[in-house]
């Protein structure tokens with residue numbers, strides 16, 4: 001009898017120790033499904049069941065900031081408050097980037113966009129070049145593009161060269177516009193481009209660098225939801241949309257690639273992420289190299 005009691009006690013102890021700790025906020029299947037549907041409808045972001053813990057963790061911060069006690073309360077607030085869409089998207093967005101990430105794209109961009117521009121613009125003033133960094137995060141990608149252009153086009157200020165950097169997350173856009181980064185973030189920047197990153201004034205420990213003012217002047221940061229109408233009319237010489245489409249489902253991705261194609265000049269370039277692929281045929285695009293596509297004439 002004592003052995004039985006001991007066994008029961010041990011079993012109870014094991015069951016107690018394997019129970020997951022209670023969450024701060026109740027998070028039901030209905031909560032997750034509703035929020036996932038909202039993310040898909042508003043931003044095209046497809047959240048599978050495997051993202052459930054991520055959604056809980058990220059949005060719990062919003063509940064605390066808003067003084068709420070349940071996800072149901074937050075869902076009702078989100079539905080009734082259009083301005084909260086920004087906070088919602090900022091919370092669930094994943095932003096991972098660095099300078100010269102997937103360096104082969106910048107090598108290709110230099111030889112197939114920057115150098116031809118120099119040759120075409122020789123002796124001319126006001127020659128036009130447009131590049132779009134879609135899903136620019138905190139700005140490392142568009143600034144990498146900018147320093148490549150400046151290195152090849154020393155008189156770039158005499159030409160009409162601009163880089164549009166867009167993201168749905170307003171917080172990362174603000175960081176990108178400042179152009180200030182930890183000093184070690186430029187460790188992997190090729191030495192030939194290091195001159196465009198300067199120590200921050202007054203930073204005695206040299207813990208941060210800032211992108212040179214002239215480079216920052218080439219980049220315009222704007223909030224843009226890729227699912228919305230695009231508020232520009234001109235076409236681009238090159239579009240970078242890398243490691244963004246992994247968050248979209250097949251139909252959304254296909255529709256987006258078609259829109260990108262229409263916004264490229266004939267002969268323009270589309271660069272996508274290393275973990276992405278364009279499955280099937282996309283009229284007007286031809287695969288040229290690793291995750292590098294060109295719009296046909």
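Readers should treat all values here as calculations from the given coordinates under stated rules, not as data from a laboratory. In this text the structure is predicted, and so the values were computed from the model without any measurement. Quick reminder, even Gly has a Cβ in these numbers, built from the backbone with ideal geometry, and neighbours come from all protein chains shown.
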Can you work out the FRET efficiency for the pair residue 230 and residue 157, with r the C-beta to C-beta distance and R0 = 25 Å, to the nearest 0.05?
0.40
Quick one: among 67, 273, 176, which has the greatest mean-square fluctuation in a GNM of the chain with alpha-carbon springs under 10 angstrom?
67
Proportion of all alpha-carbon pairs of segment 176-284 beyond 18 Å (%):
63 percent
For helix 71-80, what angle does its Cα long axis make with the longest principal axis of the chain, in degrees from 0 to 90 and rounded to 10?
40 degrees
If you bin the C-alpha pair distances of segment 173-236 every 10 Å from 0, what whole percents do you get?
18, 41, 24, 15, 2
Determine the shape class of segment 145-212: with a ≥ b ≥ c the square roots of the Cα gyration tensor eigenvalues, call it rounded for a/c under 1.5, and otherwise prolate if a/b is greater than b/c, oblate otherwise.
oblate
Going by the alpha-carbon gyration tensor, a ≥ b ≥ c the square roots of its eigenvalues, is segment 86-179 rounded (a/c under 1.5) or, if a/c is not under 1.5, prolate (a/b greater than b/c) versus oblate?
prolate
Using only Cα atoms, find the angle between the long axis of helix 140-152 and the longest principal axis of the chain, and express it within 0 to 90 degrees, rounded to the nearest 10.
10 degrees
Using the Cα gyration tensor of segment 21-92, with a ≥ b ≥ c the square roots of its eigenvalues, what is the shape: rounded (a/c below 1.5), prolate (a/b larger than b/c) or oblate (neither)?
oblate
How do 245-253, 100-108 rank on mean C-beta neighbours within 10 Å, highest first?
100-108, 245-253
Identified option (computed log10 I(q)/I(0) by the Debye sum over Cα atoms at q = 0.07, 0.10, 0.11, 0.17 Å⁻¹; candidates (i) -0.36, -0.65, -0.75, -1.38; (ii) -0.26, -0.54, -0.66, -1.55; (iii) -0.25, -0.50, -0.60, -1.38):
(i)
Using alpha-carbon coordinates, inclination of helix 52-66 to the longest axis of the chain, degrees
90 degrees
The chain - mean residue ellipticity at 222 nm from DSSP helices (-39,500 (n - 2.57) per run, n ≥ 4, rounded to 500)
-12000 deg cm²/dmol
